[in-house]
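Worksheet: one structure, shown below.
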Amino acid sequence: MTAIGSAPDGTTPLDPDEIEGLRYRNIVTRGELDRLEQANLESGLAWLARRRRTDVLAERFLRELHRRLFGEVWKWAGRLRLTAKNIGIDPADIPVQLRMLLDDARYWAANGTYVPLEAAARFHHRLVQIHPFPNGNGRHGRIAADVYLRSCFDHAPIDWGAGQDLKNDSGRRNQYIAALRAADAGDHSPLLSFVGA
Ligand SMILES: Nc1ncnc2c1ncn2[C@@H]1O[C@H](COP(=O)(O)OP(=O)(O)OP(=O)(O)O)[C@@H](O)[C@H]1O
Ligand SMILES: [Mg+2]
């Protein structure tokens, strides 16, 4: 398969061996891939809705969630990233950084360190900054933040799109990426206002 069209700002390009992991051989356009991924995502969300209550602050759960969201499209879904990307930490550091994030997120929930939306925003930012998977980190991280809100705070999900499609280039996506970049630099306030905290 050849390159799959151009991607919006703030996405991670796939390596040739990651593209090898595509379960469909005849995809040519990004639109086709987007539709397959969207269908898979919806079946993953259905799994999420009917699953038994488990500890969501665990690497195992985050990997299982990724596999459920993307495993019908990508063979490597649910496996931690092994290659370096333009976004994300050194792949060798992913397991330890994930563990630290999950411990922190558990502490924030147990101690009321932040209001729920701020805890979820910080959790989301660190998760996408770690960038545990070769692709799908944004979508996985937004769903994971909503699961954290529900299971640890009994709180409603974040209104990520606010009526716009975050996946495509839009004012809302530009705002989202800019807010993550500010958080990279230590300023969480744009992300907090983005999630309505
Ligand atoms: N500077 C940054 N700091 C932290 N995270 C970032 C930054 N830039 C982008 N990201 C995150 O990386 C995601 C893109 O990574 P990836 O392509 O793996 O996810 P995706 O689910 O395929 O993308 P998306 O759903 O956003 O189209 C963005 O959605 C965002 O969450
Ligand atoms: Mg992507």
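How do the pairs read when you match residues in region 115-138 that are within 20 Å of Ala77 (Cα to Cα) with residues anywhere that are within 10 Å of ligand 2 (Cβ to nearest atom) and of a type in the set (Gly, Ala, Ser), using Cβ under 7 Å and keeping only pairs 6 or more apart or on different chains? Listed pairs, sorted by first residue: Val128/Gly138.
Note on region 31-66: among residues that are more than 26 Å from Asp165 (Cα to Cα), modelled with pLDDT under 95 and among the basic types (Lys, Arg), the one that is surrounded by the most Cβ atoms within 10 Å (Cβ to Cβ) is Arg51.
Put simply, of Asp165, Asp146, Asp159 the only residue that is under 16 Å from the mean Cα position of the chain (by Cα), assigned to a loop (DSSP other than H, G, I, E, B) and away from ligand 2 (no atom under 16 Å from the Cβ) is Asp159.
For region 150-191, give me each residue that is more than 15 Å from ligand 1 (Cβ to nearest atom) and modelled with pLDDT of 95 or more. Those that are more than 15 Å from ligand 1 (Cβ to nearest atom) and modelled with pLDDT of 95 or more: Arg150, Ser151, Cys152, Phe153, Asp154, His155, Ala156, Pro157, Asp159, Ser189.
For Gly136, the conditions (1) under 18 Å from Leu57 (Cα atoms); (2) in contact with a strand residue (DSSP E or B) (Cβ under 9 Å, 6 or more places away or on another chain) all hold with the exception of (1). Can Leu69 be described as under 14 Å from the mean Cα position of the chain (by Cα), in contact (Cβ under 8 Å) with a residue 60 or more places away in the chain and more than 26 Å from Asn174 (Cβ to Cβ)? Here the answer is no, as Leu69 does not meet what is asked. Answer with yes or no whether Arg63 is closer than 23 Å to Ile130 by Cβ and either basic (Lys, Arg) or within 16 Å of ligand 2 (Cβ to nearest atom) (or both). Here the answer is yes, as Arg63 does meet what is asked.
Contact annotation: residue pairs with Cβ atoms under 7 Å, 6 or more positions apart or on different chains, pairing a residue in region 176-197 that is surrounded by 13 or more Cβ atoms within 10 Å (Cβ to Cβ) with a partner that is not in a helix (DSSP H, G or I), are Tyr176/Leu166; Ile177/Asp9; Ile177/Gly10; Val195/Ile158; Ala197/Val115. Looking across region 83-100, the residues that are away from ligand 1 (no atom under 14 Å from the Cβ), closer than 12 Å to Pro132 by Cα and free of Cβ contacts under 8 Å to residues at least 40 places away in the same chain come down to Asp90, Ala92, Asp93, Pro95, Val96, Leu98.
Checked against the criterion of being under 26 Å from Leu14 (Cβ atoms) and of a type in the set (Val, Ile, Thr), region 108-120 has no qualifying residue.
Only residues that are polar (S, T, N, Q), in a helix (DSSP H, G or I) and under 19 Å from Arg67 (Cβ atoms) were counted across region 118-143, and they come to 1.
The values are calculated or read from the model by the stated rules, or taken from the named source; none is laboratory data. Just so we're clear, the structure is a prediction, and the values are computed from it rather than from any experiment. FYI the Cβ positions are ideal-geometry reconstructions off the backbone, even for glycines, and counts take in every protein chain you see.
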